[in-house]
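Engineer: Before I ask anything, let me first share the structure, which is written out below as structure tokens.
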Amino acid sequence: MKPIATFQDLLIKCNTENKKIYEIAQQEEAKFAECEISEVRKNIEAVLSAMQDSIKEGLNSSELSMSKMVGADCEKLKNYYTKQNGIFSPQLQNVIKYALATAEQNARMGKIAACPTAGACGIVPAAILGISNAKNASNETIINALLTAGIIGKIVAAKAALAGAVGGCQNECGVAAGMAAGAVVEILGGTNEQILNAAALAIKNILGLACDPIAGLVEVPCVKRNPFLAVHSITAAEMALADIQSIVPIDEVIDALKQIGALMSPALKESAQAGLATTQTGLKITESLNKIWNS
Ligand code: SF4
């Protein structure tokens with residue numbers, strides 16, 4: 001059988017072998033790494049543990065990043081939720097907190113699991129752990145969700161890329177939202193079709209997102225973008241579970257992502273030459289950081 005290069009290949013393989021997406025993912029990974037499936041799952045467990053640690057550490061820190069642009073916001077959010085009820089359900093509040101905690105840890109140079117990248121590291125763990133905690137999901141279910149997210153990211157990487165420098169933030173935070181959406185559908189017992197539809201809905205609705213970080217640092221807008229996209233992924237999962245279809249199938253959505261990335265100006269692809277990076281405020285911050293770092 002030919003290797004899995006597209007989401008359609010993945011679905012055909014699932015249907016032929018009567019398996020869930022995560023089962024094909026672990027089977028393929030074991031084949032690639034020449035190991036047993038149990039070893040693949042053990043490695044994923046280590047990734048899960050790194051995700052849990054970064055959330056825990058992030059929730060307990062308000063240390064600023066070296067640039068001092070980010071690092072104290074998760075603490076503010078926690079305090080707000082302690083004093084007020086908030087608008088979102090406690091489950092969604094956790095999703096936002098976990099995403100912010102992880103992204104702030106990354107900006108502090110703490111240990112995180114890049115999924116698919118460091119800049120987008122908060123989205124997948126926040127969605128998976130926020131929802132699985134709310135549903136009392138087992139470790140096995142969480143690992144199945146991570147395998148699902150992993151194969152979605154792997155196919156996107158093969159078809160397009162996973163780097164803001166190549167296609168803008170749609171390729172980092174956008175793809176992470178697609179991975180997270182598929183993973184959440186897996187946790188909630190959705191079908192393979194619903195998982196891929198969730199990924200399509202999430203990515204489709206974030207196409208064109210620029211990568212324009214201030215001073216070229218993975219901080220602004222990156223850190224706050226993680227909680228936004230984590231919630232976005234839950235919206236996609238809910239819609240997919242309601243059998244709302246993406247009219248454009250996932251493979252074609254990724255083709256569009258690739259095309260949009262290629263058409264995007266290099267100034268909007270991690271070069272800090274446009275967008276938020278060159279706003280009055282962005283330039284002022286860059287100038288003052290350059291003064292500090294060059295002194
Ligand atoms: S804005 Fe750029 S650097 Fe920041 S998370 Fe998105 S792709 Fe990564």
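Engineer: Angle between the Cα long axis of helix 21-33 and the longest principal axis of the chain, 0 to 90 degrees, nearest 10?
Structural biologist: The angle comes out at about 80 degrees.
Engineer: Please enumerate, by chain and number, the lysines with C-alpha under 16 Å from the C-alpha of Lys291, excluding those fewer than 8 residues away in the same chain.
Structural biologist: Cα-Cα hits under 16 Å: Lys68.
Engineer: Further question on the same structure: Quick one: if the Förster radius is 25 Å, what FRET efficiency do Asn290 and Ala165 give, using the C-beta to C-beta distance and rounding to 0.05?
Structural biologist: 0.75
Engineer: What FRET efficiency do you get for Ser49 and Thr82 if R0 is 30 Å and r is their Cβ-Cβ distance, rounded to the nearest 0.05?
Structural biologist: It comes out at approximately 0.65.
Engineer: At q = 0.09, 0.15 Å⁻¹, work out log10 I(q)/I(0) for the stretch 7-294 with the Debye formula, treating every Cα as an identical point scatterer and leaving solvent out; two decimals please.
Structural biologist: So the normalised log intensities are -0.41, -1.11.
Engineer: Same structure again: Divide by every residue of the chain the summed helix terms, -39500 (n - 2.57) for each DSSP H run of at least 4, and state the resulting mean residue ellipticity at 222 nm, rounded to the nearest 500 deg cm²/dmol.
Structural biologist: Dividing the helical sum by the residues of the chain leaves -21000 deg cm²/dmol.
Engineer: Right, another one. Quick check: pseudo-label points 7 Å beyond the Cα along Cα→Cβ at Lys19 and Lys2, how many nm apart are they?
Structural biologist: Placing both labels 7 Å along Cα→Cβ, they lie 1.9 nm apart.
Engineer: Taking R0 as 41 Å, what FRET efficiency do you get between Thr281 and Lys56 from their Cβ-Cβ distance, rounded to the nearest 0.05?
Structural biologist: 0.80
Engineer: Which net charge results for the neighbourhood of Ala272, defined as the other residues with beta-carbon distances under 13 angstrom from its beta-carbon, given Lys and Arg at +1 and Asp and Glu at -1?
Structural biologist: -3
Engineer: Kindly give the semi-axes, whole Å and largest first, of the ellipsoid equivalent to the stretch 35-109, taking each as the square root of 5 times a Cα gyration tensor eigenvalue.
Structural biologist: For the stretch 35-109, the ellipsoid semi-axes come out as 28, 18, 7 Å.
Engineer: Round to a whole angstrom and tell me the spacing of the C-alpha centers of the stretch 140-163 and the stretch 207-275.
Structural biologist: The stretch 140-163 and the stretch 207-275 have Cα centres separated by 16 Å.
Coordinate-derived values only; no laboratory data. Small disclaimer: the values here were computed from a predicted structure and weren't measured. All Cβ positions, glycine included, derive from the backbone under ideal geometry; neighbour counts span all protein chains shown.
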